[in-house]
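Report on the structure given below.
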Amino acid sequence: MAQTSTPDARLDRLRGPVAPRRHNARTIAALTGNPGCTRRAVLDGAGVDKMKVAEHIGFPGRFGQSSFAIVRGNVFEARLKANEGAALVGLLGVDVPKYLDLSGGPKASNEERYSRTLEALRDNPDTLLDHPMLRLEVAGRRVYLEPDLVAFQLDNRYHVVEIKSFPVIDEQADPGKVSAAATQAAVYVLALREALAEAGRDPETVSHHVLLVCPKDFSNQPVSSMIDVRRQLSVLRRQLSRMARIDQLLDTLPDGLTFDLEAGDDGEPARDPEALTADIEAVPARYAPDCLATCELSFFCRAEARTSTAVLGRSVREELGGIEDVQTVLALAHGTIEPTPDQAEAAVLLQAAYRLRAELVP
Amino acid sequence: MSTLTALAKAQAVAAGRAQPIATVRHAHISDMPLVFIPLTMAGEANAPLAVMVGTDEDRPELLIVPQPRDRGLRFDFAARLAEILLPYAEGFCSATEAVPTDRKRDVRYRYLDAPQIIVPAPAGIGFVRLFGRSTRFRRTDGDYPVLPTVPLLGRWLTFFADRAEQPGSSMLLSLTEMLSAHWATGQSGHEDAHLGSLVNWIAPPPGMSGAKAARLAEDPEVCPPAGPATDPGFDNDVLGPAMEIYRAASEGDDPEAERAAYRELEDLLRGQLAPTWELMWRGLRVMRSMPPGASVEARWAQDRDVFSDFSLYVQGGGAPQARRDGAVAAATRLHKLERAGQSYAIERAFDDPLIMAEHRLGGEAFVGEVTLSKPDRVDDTGKRPVLRPRIQVVTTDPVLFPEGTTLVSPSKPQQKGRVIFVTPVEDGGKTEVVLELSGGMGRGLRAPAGSVPEVGERITYTSLSLGYAPPGTFPSREETPWTHGGPPQYSIADDPLDQGDHAATEDWS
Ligand code: SF4
């Protein structure tokens, strides 16, 4: 790839003449899912529609969301925000702050809404800011984000409020859902800190404690809990700074790669799927079973990794002495190949395990 | 994950077929298990959508909730479920056996058999717990009265969900967990949580590899999710519109149209559940085909004990279980669960040479052949002569025990073997171990036939022990400071202002 172009231009070339896929808090949170994967960093950095890529190369992912869940989420959020956020104000126990809706009508551009948000942050400290617009830089590109709400609390710190529709039953909630919500909220915390800095205020007035508001038990009544997102923040920062240095990753890739999905006459991407597959394969991946829940390309990467111990999961690979290839594991276990010095220890254990299984499994 | 299981997974990848990691079955499988497959509505808090349930593979019963957001319909559903589940559980409350207690000075009675519920996956256990939680506090009077069977169902479901936390209990089991404890597939644990995929790795259709069949089963069109979560594609394209038609029909005045819309919903949901129903029975057949481990029956007897106690409690009008345990109750419970977990792990190793092999690999056990045996050796150095036979075992397993360690053999759990000498043999990586035996040989100075391992016998010795572990001591509730859940607390059921009543009026919309 030409060394002279800017990372932006190089990413645009990788994506081809289609609009970049827009990020939101969920997709940015997903970036932290497999931070070691170059394939993902490059495709996300370039704003390539991974879902479409996966479909086009014959490995469609399954990332649908039930409309029932969407409806329920919207209803719950609307109830909380009705009457200038009366229910929320009651729940937060704050001394009735002002409420400001920053959505600014259907015509408002992202930039306009962003500057209105900055203004509000400067001028209205005691305000529940609804529909604020924030932004974050991802791989050198500005991404606009809409948190559910930003509240200004009594302790003089901003708190991000994240409204979710999964229930908290007897003070307990699904840990997977809570942690996903925490990562998304961390995206907003980061973006809010940048906005405050830009508004000339101390970014550290944004608390790393976010307020998660969920339905209580089996009802529609809200309940709030404080969650500490420091860990999520540091993971996120690390991955964003890695994305910011994307040109270093691009330098390692062969020239002429493209993930162009421009539609042909039939509305489908015109690119030959095999050529696209070859270009995807040229970018190194690091498949792990977690990908299945977080990345649209996971079925492809899993198939590509099918002879690798990676498909079995991290802890299995560790038990196999970190050896990458299933056939190597078995050959070492059978004693049909000589272990390299760093395989020696694993080989002893594998051979012992193999003997035991041979003795006991009919 | 042990190296042995990890290797089995690698072998499964190569073979395209799941590999056994147990040689016996470590769970009880009832002759009449109740297979229970719940589905919930996406986005709602455990709102039942449908359940397929029954004890007969050929006669599944289907219950549906045509409008899961409607609280009235949810409680109709709970009442109908109670009509299936309560008679099932109560059906076991008949024949009893006497069990001696208090060192045979007393007896108590327990039922000869007990109910067993099998759900597809751990999330199904979560459904049982939450549905129990949402029904057990319901009132039969007041603003939203329900049938008396509804809170009763709640108590039973809560009981089952609590039992499911007890390691080694077989009262409420998830099939994926049970199968994964006995088979290693060539995929990750994440994928093993998919029942269709797991069962197909283990028992693929004829002429197909397990790996291939498992991949096909991942397609929700081929094999819908085993629940409680439904396939979003089904929700959006099929269920949503059909519910809408039902809603419109139920608001109109054409009862025939309403019945037709209801039947349509039933058919659609049956279509989603039937493949899982088939998988459940296929998986159960796999489990049944394995011989039970030696201690399975004793663990099931404990289940029967607990079941007998709980049915008495319920028959006596027992209050619903508290929303959450107090601190002491929680600590006691945790301690009990830990102990149960430890003994279950050891019992499995004693019952199953393939699980014992994990301990052999870790140097906590060895298997060898008895090459010398002096069954009548008497130690007369003490005040009284005592019978202390010695045996020599030759093994190829690594022996890491220092001399003086006390070992036990699963085939003779009453007998202890003290390690006297450990001598590596020059050729071929073998080790000679001399053990001195005590216990399990009667009181005389001659060992009864068969009580001392004989020359030529293959035998296992391990440092794991099934020995008695003393129960932990915790302060009584009266002695516990209130900060840790002590006295100023009363049962939810006693307090009309607390959750009991609140729950009865809980807004379910
Ligand atoms: S699925 Fe593939 S591209 Fe996506 S994160 Fe995993 S390895 Fe990387």
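The values are calculated or read from the model by the stated rules, or taken from the named source; none is laboratory data. Here the structure is a predicted model, which means the values were calculated and not measured. Methodologically, a virtual Cβ is constructed for each residue, glycine included, from the backbone with ideal geometry; neighbour enumeration extends over all protein chains shown. Each accessible area value is taken on the protein alone, full model and side chains, heavy atoms only, with ligands, DNA and RNA left out. Shrake-Rupley method; radii C 1.70, N 1.55, O 1.52, S 1.80 Å.
Before moving on, here are some points about what is shown:
- Residue within the range A:314-336 that is more than 10 Å from the ligand (Cβ to nearest atom), assigned to a helix (DSSP H, G or I), among the small types (Gly, Ala, Ser) and in contact with a Pro (Cβ under 6 Å, 6 or more places away or on another chain) present: no
- Just so you know, in the range A:21-40 the residues that are within 8 Å of the chain's Cα centre (by Cα) and not β-branched (Val, Ile, Thr) include one that is nearest to the ligand (Cβ to nearest atom), and it is A:33.
- Residues of the range B:13-42 that turn out to be in contact with a Phe, Trp or Tyr (Cβ under 7 Å, 6 or more places away or on another chain), of a type in the set (A, V, I, L, M, F, W, C) and within 24 Å of residue A:319 (Cβ to Cβ), as a count: 2
- Tally, over the range A:284-308, of residues that are within 10 Å of chain B (Cβ to nearest Cβ) and more than 6 Å from the ligand (Cβ to nearest atom): 11
- Residue check, residue A:49 away from chain B (no Cβ under 14 Å) and either buried (at least 19 other Cβ atoms within 10 Å of the Cβ) or within 9 Å of the ligand (Cβ to nearest atom) (or both): yes
- Restricting A:78, A:54 to those that are crowded, with 20+ Cβ neighbours inside 10 Å and either within 15 Å of the ligand (Cβ to nearest atom) or within 28 Å of residue A:211 (Cβ to Cβ) (or both) reduces the list to A:54.
- Strands (runs of 3 or more DSSP E) within the range B:96-154 that include 1 or more residues hydroxyl-bearing (Ser, Thr, Tyr), open to solvent by less than 60 Å² (accessible area, probe 1.4 Å) and in contact (Cβ under 8 Å) with a residue 24 or more places away in the chain: B:106-111
- Checking each residue in the range B:6-31 for being within 21 Å of residue B:291 (Cβ to Cβ), within 8 Å of chain A (Cβ to nearest Cβ) and open to solvent by less than 20 Å² (accessible area, probe 1.4 Å) picks out only B:8.
- Of all the residues in the range B:393-434, those that are assigned to a loop (DSSP other than H, G, I, E, B) and farther than 17 Å from residue B:359 by Cα number 8.
- Scanning the range B:228-275 for residues that are within 14 Å of chain A (Cβ to nearest Cβ), open to solvent by 70 Å² or more (accessible area, probe 1.4 Å) and free of Cβ contacts under 8 Å to residues at least 12 places away in the same chain yields B:237, B:244.
- The set of residues in the range B:423-463 being modelled with pLDDT under 90 and closer than 22 Å to residue A:355 by Cα consists of B:425, B:426, B:427, B:428, B:429.
- Each residue in the range A:191-231 was checked for being over 30 Å from residue B:138 (Cα atoms) and open to solvent by less than 20 Å² (accessible area, probe 1.4 Å), and 10 of them qualify.
- Selection within the range A:314-361 - facing chain B (nearest Cβ under 7 Å), over 33 Å from the mean Cα position of the chain (by Cα) and of a type in the set (Gly, Ala, Ser): A:333, A:352, A:353
- Selection from the range B:376-392 of residues that are in a loop (DSSP other than H, G, I, E, B) and in contact (Cβ under 8 Å) with a residue 12 or more places away in the chain: B:376, B:377, B:385, B:388, B:389
- In the range B:155-167, the residues that are open to solvent by less than 10 Å² (accessible area, probe 1.4 Å) and within 23 Å of residue B:194 (Cα to Cα): B:160, B:161
- Subset of the range A:57-75 (residues that are touching an Asp or Glu at 6+ places or on another chain (Cβ under 8 Å), surrounded by 16 or more Cβ atoms within 10 Å (Cβ to Cβ) and farther than 25 Å from residue B:67 by Cβ): A:61
- Scanning the range A:264-283 for residues that are surrounded by fewer than 17 Cβ atoms within 10 Å (Cβ to Cβ) and within 13 Å of the ligand (Cβ to nearest atom) yields A:281, A:282.
- Picking from residues in the range A:55-88 that are within 23 Å of the chain's Cα centre (by Cα) and closer than 20 Å to residue A:160 by Cβ, the one that is farthest from the other protein chains (Cβ to nearest Cβ) is A:77.
- Scope the range A:271-301; condition over 18 Å from residue A:31 (Cα atoms) and either in contact with a strand residue (DSSP E or B) (Cβ under 9 Å, 6 or more places away or on another chain) or free of Cβ contacts under 8 Å to residues at least 60 places away in the same chain (or both); matching residues: A:272, A:274, A:275, A:276, A:278, A:279, A:281, A:282
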